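First the structure, in the form of structure tokens, and then the observations on it.
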Amino acid sequence: MPFTLTHDKYHRGNRDILPIVDRIGQPVELSDVIAFVASDDEKAKMKSPFIANETMNYIPTKQFKLSINKDEILEKGILSEKYSERIVPEMRWGLGNSFIYKDAMMILDLLATNNWERPIYWAMTVTSSKYYNLQKYFKNDGLTYQLVPMEVNAECYHTGEVDSELMYDNVMNKFRWGGIDTDIYLDENNIRMFSNLRSLFGRLAEKLMEEGKTDSALVVLDKCMHLFPEEKIPFNNTLLSVITAYYHAEAYEKADELVDKLTNKVYLELDYYFSLSAKYSTGTKDLGLEIQTNLYTLQELYKITTEANRAEKSIDIEANFMKYMQQYR
């Protein structure tokens, strides 16, 4: 990969940490920031806040910009023609940190130097602290977020804008599911990963319906339930997006069945948690989190069934939610 910083600039203790001091007060072209960081001139350094009588490199702004050549973006295939009108003339973002480590420095260098010769992705499993406030430019292609020069339309509580065309091809045709349809053993890490993927299917289905592709959305949802049935991947709040999508696609029987299964599981777990004596429940952080997650799930199921005009179900869920809330308090 192309970098401005040569190996001698960052190996063995060089630029391990860079303080951020906002001395400019406005966005600065990222390539200029990296050139400043790469400089060995004492004028490009500050007194070290960590070691007395020493100086160190730093970043002189909290705001960055990256100029964009629209024709080049389309020519290199970073974005397809359908997004051409949404490509921005420059990307702008900022860092609220007071310093960054070497990994962030190299990411910034890559963004400044790569010149869109290769697409840049974040894995979905990467912690959000490593997004460096770039998520307003993330496009969701399946298991990855691609950095793109357009401001995306992300749904509440979700990162990135779903690219339905790419994601559909990935999850329906390209992904290999690791033998999940066999008797292979799935440990807690596998189960957690597949649970998150179930939520992804729901997001894709919703996007397809926004585009008027209800038949494709139902195919996606049915594949999701075939891949991740309850006996393989226990139901939890990642099922909410699937239930919502089924209702929006007017597949009421399938949605109702999932609501019944999920609410029964939540009721069973909450009954157990509230049956525990104070010896096991008082001051237990993990138990409190489990209770809160289940109560949140009931709350969301009430909203979903109410919006879908499933009055019988929403009334029952509301009644049980209030019962458990009284015990929780």
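For the range 119-139, the count of residues that are under 30 Å from D71 (Cβ atoms), touching a residue at least 40 places away in the same chain (Cβ under 8 Å), of a type in the set (S, T, N, Q) and in contact with a strand residue (DSSP E or B) (Cβ under 9 Å, 6 or more places away or on another chain) is nonzero. Restricting the range 81-115 to residues that are assigned to a loop (DSSP other than H, G, I, E, B) and without any contact (Cβ under 8 Å) to a residue 40 or more places away in the chain, which is surrounded by the most Cβ atoms within 10 Å (Cβ to Cβ)? Step by step, filter the range 81-115, then rank; the result is P89. Looking only at residues in the range 160-185 that are at pLDDT 90 or above and assigned to a loop (DSSP other than H, G, I, E, B), the one that is farthest from R92 (Cα to Cα) is F175. Pull up the range 217-233, narrow it to residues that are surrounded by fewer than 19 Cβ atoms within 10 Å (Cβ to Cβ) and in contact with a helix residue (DSSP H, G or I) (Cβ under 7 Å, 6 or more places away or on another chain), then point me to the one that is farthest from A249 (Cα to Cα). Residue satisfying both the conditions and the ranking: E230.
Only residues that are in a helix (DSSP H, G or I), touching a residue at least 60 places away in the same chain (Cβ under 8 Å) and either closer than 14 Å to Y296 by Cα or of a type in the set (S, T, N, Q) (or both) were counted in the range 229-255, giving 3. Scanning the range 65-80 for residues that are of a type in the set (D, E, K, R) and outside any strand (DSSP E or B), we see that the one that is nearest to D141 (Cα to Cα) is K76. Scanning the range 194-216 for residues that are under 19 Å from A123 (Cβ atoms) and crowded, with 17+ Cβ neighbours inside 10 Å turns up F194, S195, L197, R198, S199, L200, F201, R203, L204. Among residues that are among the basic types (K, R) and either outside the structural domain of T113 (by TED's automatic domain parsing) or touching a strand residue (DSSP E or B) at 6+ places or on another chain (Cβ under 6 Å) (or both), K43 is not included.
Taking residues in the range 256-271 that are in contact (Cβ under 8 Å) with a residue 12 or more places away in the chain, and partners anywhere that are outside any helix (DSSP H, G or I) and among the basic types (K, R), the pairs with Cβ atoms closer than 9 Å and at least 6 places apart or on different chains are D256/R310; V259/R310.
Looking across the range 116-132, just one residue is assigned to a strand (DSSP E or B), surrounded by fewer than 17 Cβ atoms within 10 Å (Cβ to Cβ) and within 11 Å of the chain's Cα centre (by Cα), and that is A123. Residues of the range 272-312 that are touching a residue at least 12 places away in the same chain (Cβ under 8 Å), over 18 Å from G202 (Cα atoms), in contact with a Leu (Cβ under 8 Å, 6 or more places away or on another chain) and not aliphatic (A, V, I, L, M): Y273, N294.
The values are calculated or read from the model by the stated rules, or taken from the named source; none is laboratory data. The structure displayed is predicted, hence computed values, not measured ones. FYI the Cβ positions are ideal-geometry reconstructions off the backbone, even for glycines, and counts take in every protein chain you see.
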